[in-house]
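Here the structure comes first, spelled out in structure tokens, and everything after it is commentary.
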């Protein structure tokens, strides 16, 4: 019985250490960029609310599938941001953006070519 209790204590303490190391739960936010700077971005989320998100010092930024910098993000870019609450502030660890030009479908100009009225 004492041996079983000892095993349970070791397992429980190991689980506590794992949950502390994982930190706060991450949240993914999707929307469009309303403003961007070196240290933060403002996102208009799917509910139409403006969210100020700070960029962590080690934040990874990817735009159109390529590594990028926060200053390369453009107003209107579609964005998916992985955030966590650090000290009561929404802070991003990863930003994935798709430029406005990339998210629009190309116009088919051949469908009207050669027609006269």
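The values are calculated or read from the model by the stated rules, or taken from the named source; none is laboratory data. This is a predicted model, so every value here is computed, not measured. With ideal geometry, Cβ positions are generated from the backbone for all residues, glycine too; neighbour counts draw on all protein chains shown.
In table form, for the structure just shown:
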{"item": "Subset of the range 38-78 [touching a helix residue (DSSP H, G or I) at 6+ places or on another chain (Cβ under 7 Å), outside any strand (DSSP E or B) and surrounded by 12 or more Cβ atoms within 10 Å (Cβ to Cβ)]", "result": "64, 74, 76, 77"}
{"item": "Residue match in the range 103-115 (condition: modelled with pLDDT of 75 or more and touching a strand residue (DSSP E or B) at 6+ places or on another chain (Cβ under 7 Å))", "result": "no"}
